Amino acid sequence: MRDQCDEARELTRLLAALAMRKHRHVRFALTGIWVLFLSGLGLPLMTMLS
């Protein structure tokens, strides 16, 4: 029983670490998408002002 509890605890820690890593990757990807989106909005404005 104790071994199963230890294995379950280890699996829980692994899954939590994977979830945090996924969250970090998604957050950085969304930041990049927003930068590209805002750049795309700024390009026509710069073209009109030129």
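Condition check: more than 13 Å from the chain's Cα centre (by Cα) and in a helix (DSSP H, G or I). Does Arg13 satisfy that? Reasoning before the result, please.
On the way: more than 13 Å from the chain's Cα centre (by Cα): yes; in a helix (DSSP H, G or I): yes.
Against the criterion (more than 13 Å from the chain's Cα centre (by Cα) and in a helix (DSSP H, G or I)), Arg13 qualifies.
Filter the range 1-10 for residues that are part of a helix (DSSP H, G or I) and of a type in the set (A, V, I, L, M, F, W, C) and give the result. Talk me through it step by step, then tell me what you get.
Initial filter on the range 1-10 (part of a helix (DSSP H, G or I)): 2-10.
Selection gives Cys5, Ala8.
Has the range 26-45 got any residue that is assigned to a loop (DSSP other than H, G, I, E, B) and either out of contact with any Gly (no Cβ under 7 Å at 6 or more places or on another chain) or without any contact (Cβ under 8 Å) to a residue 60 or more places away in the chain (or both)? Spell out the reasoning first.
The first filter runs over the range 26-45 and keeps only residues assigned to a loop (DSSP other than H, G, I, E, B), leaving none.
No, that holds for no residue.
Under the condition of being at pLDDT below 95 and charged (D, E, K, R), which residue from the range 1-26 is least open to solvent (accessible area, probe 1.4 Å)?
For the range 1-26, the residue satisfying everything is Asp3.
Looking at (1) at pLDDT below 95; (2) open to solvent by 100 Å² or more (accessible area, probe 1.4 Å); (3) over 22 Å from the mean Cα position of the chain (by Cα), which is the one condition that is false for Leu38?
All conditions pass for Leu38, except number (3).
The values are calculated or read from the model by the stated rules, or taken from the named source; none is laboratory data. Because the structure is predicted, anything quoted here is derived from the model rather than measured. Cβ atoms come from the backbone with ideal geometry, glycine included; neighbour counts cover every protein chain shown. Surface areas here come from the heavy atoms of the whole protein model, side chains and all, with no ligands, DNA or RNA. Shrake-Rupley method; radii C 1.70, N 1.55, O 1.52, S 1.80 Å.
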